[in-house]
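FYI, it's all coordinate maths here, none of it is from the lab. This structure is a prediction, so every number in the text was calculated from the model and none was measured. Backbone-built Cβ (ideal geometry, glycine too); neighbour counts: all protein chains shown.
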Amino acid sequence: MVNKNLFTKKILIIFLSILFLDVLTKQIIKSFQINTTTGIVDITYTTNQGSLFSLFSNVEWINLFFILASIFALIALYFIWQSEKINSIPLIFIFTGVLGNLIDRLLYSEVIDWINFHFWPVFNIADSVIVIGVVWILINIFLESKINNSKN
C-alpha cells in the first residue's frame, strides 16, 4: 500500500518544481531578451498571443477565451485527479503546464516562448510538460486496453 501523504508530497514537489522552472526560465528570457544560436536548439525570445503554434493570434478576444478555458481545464483536471481514475503524474504535468501558460496570459496577455528547434514552432517548458502528460496518458490508455484485450 502506497502511503497517500508521501505520494501527495511527491506530487506537490513535482508540481512546484516544474512550475518554478517554467516561470523562472520565462522571466530570465524576458528580462534579458536572450537570443542564442547553437545550431541544434536555439534560445529565441518570442511571445504568442494565440494558441498552439500561434493559431488565432490576431483575434482580439482570444486571450480572454484562453484564460477562461485554462481556468476550466485546471478545475476539470483537479476533479479528474481527485477521482484517481487516471495516473496522477501525467495529470500533474498537464495541470502545471496549463497553469504556467495561464500565469503568462494573466501577467502579460501573451505566453513567453523560447525553445527553438527551427523545424518546429518555438515553445516553452509549460508546452513541453502538457505534451508529455498527454502522450503519457495516451500510452497508458493504449497499454491498459492491450492488457484488457489479452485477458479476454
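Annotations
- Spin-label pair Phe117-Ile89: with each label point 7 Å from Cα along the Cα-Cβ axis, the two points sit 2.1 nm from one another.
- Of the residues Ile130, Pro90, Leu64, the one whose Cα sits farthest towards the positive end of the charge dipole of the chain is Pro90 (charges of +1 on Lys and Arg Cβ, -1 on Asp and Glu Cβ, taken about the Cα centre).
- Put simply, when 8-18, 34-44 are sorted by average Cβ atoms within 10 angstrom per residue, most first, you get 8-18, 34-44.
- For segment 4-151, averaging the sequence separation of C-alpha pairs within contact (under 8 Å, six or more residues apart) and dividing by the residue count gives a relative contact order of 28 percent.
- Computed from the Cβ-Cβ distance with R0 of 22 Å, the FRET efficiency linking Phe72 to Lys10 stands at 0.25.
- Put simply, the amide H of Thr46, placed in the peptide plane, has neighbours under 5 Å in Asp113, leaving out anything fewer than 5 places away on its chain.
- Backbone phi angles across segment 135-150, fed through the Karplus curve with coefficients 6.51, -1.76 and 1.60 (θ = phi - 60°), yield HN-Hα couplings of 4, 4, 5, 4, 5, 4, 4, 4, 5, 5, 5, 5, 5, 5, 5, 6 Hz in residue order; Gly and Pro are listed as x.
- Pairs of Cα atoms farther than 25 Å apart, the chain, %: 37 percent
- Reachable aspartates and glutamates, given that their alpha-carbon falls under 16 Å from the alpha-carbon of Lys30 and they are not under 8 places away in the same chain: Asp22, Asp42, Asp104, Glu110, Asp113
- Take the Kirkwood radius over Cα pairs of segment 65-152, plug it into Stokes-Einstein at 37 °C and 0.692 mPa s, and you get 228 µm²/s for translational diffusion.
- Annotation note: chymotrypsin sites (Phe, Trp or Tyr not before Pro) in segment 78-149 located in DSSP loop regions with a Cβ neighbour count of at most 16 within 10 Å are Phe117, Phe119.
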